[in-house]
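J.: Take this structure first; my questions come after.
Quick note: the coordinates plus some simple rules give every number you see, no bench work behind them. Just so we're clear, the structure is a prediction, and the values are computed from it rather than from any experiment. Neighbour counts run over all protein chains shown; Cβ positions are idealised from the backbone, glycine included.
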2 protein chains.
Amino acid sequence: MGTVSCQISMSLDGYVAGPEQSRQDPLGRGGLRLHEWFFGLDAWREQHGLSGGEHTVDAEVVEEMTRDVGAYIMGRRMFGDGGGRWEPGWRGWWGEDPPFRTPVFVLTHQEREPLPMAGGTEFHFVTEGPRAALARAREVAGDRRISVAGGADTVRQFLAAGLLDVLQLHIVPIVLGAGEPLLAGLGDLRLAQESVVAGPTVTHVTYRVLR
Amino acid sequence: MGTVSCQISMSLDGYVAGPEQSRQDPLGRGGLRLHEWFFGLDAWREQHGLSGGEHTVDAEVVEEMTRDVGAYIMGRRMFGDGGGRWEPGWRGWWGEDPPFRTPVFVLTHQEREPLPMAGGTEFHFVTEGPRAALARAREVAGDRRISVAGGADTVRQFLAAGLLDVLQLHIVPIVLGAGEPLLAGLGDLRLAQESVVAGPTVTHVTYRVLR
């Protein structure tokens, strides 16, 4: 079976989004700074259909984490919050050619037909919770990796249910002071450090989640 | 002037001690696990007058962080909490031969004569706050480094006052869920990553504090 992994940028004080998240500002106040390290990378630009960009060790980390992913899982807000129920025809906020290029399983309470997009991405809507989403992702991914893309509440659900094998943190040297804590409410979670990559401005640490 | 630095072990969720800290259990529930990575090291054992132990890259980090320290600064509880006022004759909980071997400036509200110990450690008690403690530490340290030893509240006071140059975090792959957060209440603190050392079980990241 493929590894179930998550990679996410976290501030030094443990937040993966700033305070006052909203539909207009889904990363919260200051939250964009969590992601600045990868916007200039060639790997990120290529994923989003752009040319140029820098090729640093960070780019290799981004390439590695998207390589051989057979399916993604994400929360409803990451697909594209519609404020309560989605309007008919709402296609999420990733545009017509989302960067996933595989099936994406969206955790939601709203039943909905699959939504094929350009470039190989197909959104599937799962109403039976994380375990069901994982089972469906495994069907399409086979031995390839399954990436839990976020947001934080989805990652926490997978951690709490013991469904995550690998957690890669991009540790960003900022302090947000408030916001969405990644690892709150999980009880006694133990991890084992597997590998460390020092980027120019952030540290990438890969942990195996111990059961 | 010597660099003012702090090195401290932190859980992935940002705690430097577990919940329910007390005089009997100053590290709080689970807090001892933050420090397990260094108890077996030769460098730690030597500092405490013991022989043997492992020499890993962690040991080199410990050696580096104690090298060329001209003075330490610590909070009253780290010297040895007496529960309110110290009893006459209370000499702290570091034993007669503390591992510092330099002057140590203890932040307290209780005036007290300097306390010389074996091995070169001399405790001085400073009642005028962090800035005064730092000035006195600079007098004795000259160009050597000044280490802010802890606890978390003392480190936060130094960060809040802009008195810390370097923060080295030993990032320990445990989640404590509650306890003493290192970086809470500091507002918009920015740091720049300077160096990363991957130990066998923890990651050591050195940050420069930006003003």
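J.: Can you grab the distance from the C-alpha centre of the stretch A:174-211 to the C-alpha centre of the stretch B:142-157, Å, no decimals?
T.: Answer, in whole Å: 25.
J.: Within the set of other residues whose C-beta is less than 14 Å from the C-beta of B:G119, count the net charge using Lys and Arg as +1 and Asp and Glu as -1. Display every interim value, and only then the final one.
T.: Working: positive: B:R91, B:R101; negative: B:E46, B:E96, B:D97, B:E122.
My count for the surroundings of B:G119 gives -2.
J.: Right, another one. Nearest beta-carbon of A to the rotation axis carrying it onto B: which residue, how many whole Å?
T.: Its Cβ sits closest to the axis: A:G14, 2.
J.: Now a separate question. For chain A, what does the relative contact order come out to in percent, with C-alpha contacts under 8 Å and a separation of six or more?
T.: 30
J.: What stretch of chain A, leaving out the sites themselves, is the longest with no GluC sites (Glu not before Pro) in a DSSP loop having at most 11 other Cβ atoms within 10 Å?
T.: A:1-95
J.: Where Lys and Arg each count +1 and Asp and Glu each count -1, what net charge lies around A:G53 among other residues with Cβ under 10 Å from its Cβ?
T.: Net charge in that neighbourhood comes out at -2.
J.: Right, here's the next one. Using a 10 Å cut-off on Cβ to Cβ distances, tally the other chain neighbours for every residue of B:2-11 and report the average as a whole number.
T.: 1
J.: Sticking with this structure for a sec: To the nearest 500 deg cm²/dmol, what mean residue ellipticity at 222 nm is calculated for the protein assembly as shown from DSSP H runs of n ≥ 4 alone, each contributing -39,500 (n - 2.57), summed and divided by the residues? Don't skip to the answer; put the middle values down first.
T.: On the way: 12 runs with 92 residues, N = 422.
The helix contribution divided over the protein assembly as shown gives -5500 deg cm²/dmol.
J.: Rounded to the nearest 0.05, what FRET efficiency do A:F39 and B:A132 give with R0 = 45 Å and r taken as the Cβ-Cβ distance? Could you check?
T.: Rounded to the nearest 0.05, the efficiency is 0.55.
J.: Moving on. For labels at B:E60 and B:M1 in the simple 7 Å Cα→Cβ model, what's the distance in nm?
T.: Taking the simple label geometry, B:E60 and B:M1 are separated by 3.2 nm.
J.: May I ask what percent, to the nearest 5, of DSSP beta bridges between residues of the protein assembly as shown are antiparallel?
T.: Details: 36 of 84 bridges.
Given both bridge residues lie in the protein assembly as shown, the antiparallel proportion sits at roughly 45 percent.
J.: Taking each residue of A:177-183 in turn, how many C-beta atoms of other protein chains fall within 10 Å of its C-beta, and what is the average?
T.: 3
J.: For chain B, set up a Gaussian network in which alpha carbons nearer than 10 Å are linked by springs, and say which option among B:T201, B:T102, B:T121 fluctuates the most.
T.: Checking each option, the largest mean-square fluctuation is seen for B:T201.
J.: For chain A, set up a Gaussian network in which alpha carbons nearer than 10 Å are linked by springs, and say which option among A:G187, A:G53, A:G150 fluctuates the most.
T.: Looking only at A:G187, A:G53, A:G150, the biggest GNM fluctuation is shown by A:G187.
J.: I would also like to ask the following. Take the alpha-carbon centre of the stretch A:12-87, take the same for the stretch B:93-120, and report the distance between them in whole Å.
T.: The two parts, judged by their Cα centres, are 49 Å apart.
J.: On to the next question. Please label the shape of the stretch A:157-196 as rounded, prolate or oblate, based on the square roots a ≥ b ≥ c of the eigenvalues of the alpha-carbon gyration tensor (a/c under 1.5 means rounded; beyond that, a/b larger than b/c means prolate, else oblate).
T.: Oblate shape, in that a/c is at least 1.5 and b/c is the bigger or equal ratio.
J.: Would you mind telling me which residue in A:V175, A:V104, A:V16 has the biggest mean-square fluctuation in a Gaussian network model of chain A, where springs connect alpha carbons within a distance under 10 angstrom?
T.: In this elastic network of chain A, the residue with the biggest mean-square fluctuation among A:V175, A:V104, A:V16 is A:V175.
J.: Next question, about the same structure. Considering the options A:G199, B:T127, B:I73, tell which one lies farthest towards the positive end of the dipole of the protein assembly as shown, charges being +1 on Lys and Arg and -1 on Asp and Glu at the Cβ, about the Cα centre.
T.: Among A:G199, B:T127, B:I73, the one farthest towards the positive end of the dipole of the protein assembly as shown is B:T127.
J.: Within 10 Å of each Cβ of B:88-99, how many other protein chain Cβ atoms are there on average?
T.: 0
J.: Is the C-alpha gyration tensor of the stretch A:121-211 telling us rounded, prolate or oblate? Criteria: a/c under 1.5 is rounded; beyond that, a/b larger than b/c is prolate, otherwise oblate. List each step's numbers first, then the result.
T.: Numbers: a/c = 1.70, a/b = 1.51, b/c = 1.13.
Since a/c reaches 1.5 and a/b is larger than b/c, the shape of the stretch A:121-211 is classed as prolate.
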